[in-house]
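What follows is one structure encoded as structure tokens, with my remarks underneath.
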Amino acid sequence: MRVGLVIYGSLDIISGGYLYDRLLVEHLRHQGDKVDLIALPWRTYGHHLTDNFSRNLFNQLHEAKLDVLLQDELNHPSLFWLNRQLKKNVQYPILSIVHHLRCSEARPAWQNFFYRRVEQSYLARVDGFIFNSQTTRTAVTALAGAEKESIVAYPAGDRLCPNLTLAQITARARQPGPLQILFIGNLIPRKGLHTLLAGLARLPRESWQLEVAGSLTVNPAYAHSIQRQLAAAGLTGQVTLSGPLTDTQLAERLARCQLLVVPSSYEGFGIVYLEGMGFGLPAIATTAGAASEIINHGQNGFLIPPDDPAALSRHIYELSQNRERLRQMSLAARQRYNLHPTWCQTTERIRQFLQEVTTQNDQAN
């Protein structure tokens, strides 16, 4: 099978969406499929719109010898008009990998109105979808109308090979001292680190410690605002900004910490919650997006409204004071992880879907 994949930048970018794409490409190649990457340069949203009129990009996609073209939906501003012209000139189907819609994120209404129109135009001009959650499928169907060929292929959480025993998870939960909290995510407003810090500032200093694992360079202005927030609240000594970690370092932190908190304003899925559960970490997330497809409130974690530091602090304080509750939720988190498919199962399911779509397309032509 000959597959093309359109992305921005490189598959090595650290994010859940790029991890999903990267592991899919690795699986396809391992199975003997040929995968060609069409990497577009990262620029501003406005500059991406001009890609639709790039003759070089059109020719590259038009001349590609493919059975199917995949496009990460993140690339929608570069393709929403170009796809219309492309579909008139190629026989291969175009499928979109949708991690979450840009217009689903929290921002001023006028901005999302514009993004919604562009995304709606893009979604209407592809032949099918690969979704990472039921929440994402529902959002796309609501925006694009009638359903097309699609599959929901949940991300997995086993890439870090968690191997803690239930006895080790129990012992960690009962460990005395400050509650060891982990935040994983690049420092961007959507991930909600500012909300977490505001919630922690309400708590006794001796009840918690926080480590932040994620890039400080993706959004330097926001990273600087976080550092100012830490200094103003007097939290600098209790919060470690570790920067991006290797997989080995990340696994070590997940094994050592007791609670994962990433209060994003929106998540199309939230791979990090599932990865944490593999190590027996309860997760605190928000009700915005698909975290509710992983987290059962009060059982293996908590779901709070976005931007609600008061609710966040209540749940963190409860677990810091009630280690038996923490133990129960930690074991429930591990149990939830055990019910989830592996990356091998997920990527193979996508491969089978691609084969079905290409077979149908060959028969139609």
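The values are calculated or read from the model by the stated rules, or taken from the named source; none is laboratory data. Nothing here was measured: the structure is a model prediction, and the numbers come from that model. Every residue, glycine as well, gets a Cβ built from its backbone with ideal geometry; the counts of neighbours run over all protein chains shown.
Going by the conditions given, is Arg334 in contact (Cβ under 8 Å) with a residue 60 or more places away in the chain, of a type in the set (Lys, Arg) and touching a Phe, Trp or Tyr at 6+ places or on another chain (Cβ under 9 Å)? Criteria met by Arg334.
Hey, does region 53-62 have a residue that's surrounded by 15 or more Cβ atoms within 10 Å (Cβ to Cβ), under 21 Å from the mean Cα position of the chain (by Cα) and modelled with pLDDT of 95 or more? No - not one qualifying residue is present in region 53-62.
Just one of Gly185, Gly199 is of a type outside the set (Ser, Thr, Tyr), touching a helix residue (DSSP H, G or I) at 6+ places or on another chain (Cβ under 7 Å), at positive phi and in contact (Cβ under 8 Å) with a residue 40 or more places away in the chain; which is it?
Details: Gly199 fails: at positive phi.
On inspection, the qualifying residue turns out to be Gly185.
Results for (1) modelled with pLDDT under 95; (2) assigned by TED's automatic domain parsing to the domain that holds Ile14; (3) farther than 16 Å from Leu196 by Cα, shown as yes or no for each residue.
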| site | (1), (2), (3) |
| --- | --- |
| Val218 | yes, no, yes |
| Ala221 | no, no, yes |
| Leu230 | no, no, no |
| Ala251 | no, no, yes |
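Do the conditions hold for Leu66, that is, is it in contact with a Gly (Cβ under 6 Å, 6 or more places away or on another chain) and assigned by TED's automatic domain parsing to the domain that holds Ile130? Spelling it out, Leu66 is indeed in contact with a Gly (Cβ under 6 Å, 6 or more places away or on another chain) and assigned by TED's automatic domain parsing to the domain that holds Ile130.
For region 203-295, the helices (runs of 4 or more DSSP H) that sit wholly inside it and include 1 or more residues that are more than 22 Å from the chain's Cα centre (by Cα) and hydroxyl-bearing (Ser, Thr, Tyr) are 220-233. Remark: pairs (first residue in region 41-56, without any contact (Cβ under 8 Å) to a residue 40 or more places away in the chain; second residue of a type in the set (Phe, Trp, Tyr) and outside any helix (DSSP H, G or I); Cβ separation under 7 Å; 6+ apart in sequence or on different chains) = Trp42/Tyr8; Asn52/Phe80; Asn52/Trp81.
The set of residues from region 312-330 being in contact (Cβ under 8 Å) with a residue 40 or more places away in the chain and either surrounded by 17 or more Cβ atoms within 10 Å (Cβ to Cβ) or touching a Lys or Arg at 6+ places or on another chain (Cβ under 6 Å) (or both) comprises Leu312, Ser313, Ile316, Tyr317, Leu319, Ser320, Arg323, Leu326, Arg327, Met329, Ser330. Buried (at least 17 other Cβ atoms within 10 Å of the Cβ), within 25 Å of the chain's Cα centre (by Cα) and under 19 Å from Thr346 (Cβ atoms): is that true of His99 in this structure? For His99, the condition - buried (at least 17 other Cβ atoms within 10 Å of the Cβ), within 25 Å of the chain's Cα centre (by Cα) and under 19 Å from Thr346 (Cβ atoms) - is met. Listed by first and then second residue, the pairs linking a residue in region 137-155 that is over 14 Å from Ile97 (Cα atoms) to a residue that is polar (S, T, N, Q), with Cβ atoms under 6 Å apart and 6 or more places separating them unless they lie on different chains, are Leu143/Gln120; Glu147/Thr141. The set of residues in region 199-247 that are over 21 Å from Ala285 (Cα atoms) and among the basic types (Lys, Arg) comprises Arg205, Arg228.
Within region 107-142, being surrounded by fewer than 16 Cβ atoms within 10 Å (Cβ to Cβ), hydrophobic (A, V, I, L, M, F, W, C) and under 24 Å from Arg190 (Cα atoms) holds for Ala109, Trp110, Phe113, Phe114, Ala142. Scanning region 155-185 for residues being part of a loop (DSSP other than H, G, I, E, B) and surrounded by 21 or more Cβ atoms within 10 Å (Cβ to Cβ) gives a total of 4. Out of all the residues in region 185-214, which are more than 23 Å from Gly289 (Cα to Cα) and β-branched (Val, Ile, Thr)? Residues satisfying the conditions do not exist here. Suppose the filter is buried (at least 20 other Cβ atoms within 10 Å of the Cβ) and of a type in the set (Asp, Glu); does Glu252 pass it? It is false that Glu252 is buried (at least 20 other Cβ atoms within 10 Å of the Cβ) and of a type in the set (Asp, Glu). Just one of the listed residues (Gly268, Gly298) is over 29 Å from Glu206 (Cβ atoms) and assigned by TED's automatic domain parsing to the domain that holds Pro204, and it is Gly268. So the check is Cβ under 8 Å with 6+ separation or different chains; which pairs have a first residue in region 24-35 that's surrounded by 14 or more Cβ atoms within 10 Å (Cβ to Cβ) and a second one that's aromatic (Phe, Trp, Tyr)? Filtered contacts from region 24-35: His27/Trp343.
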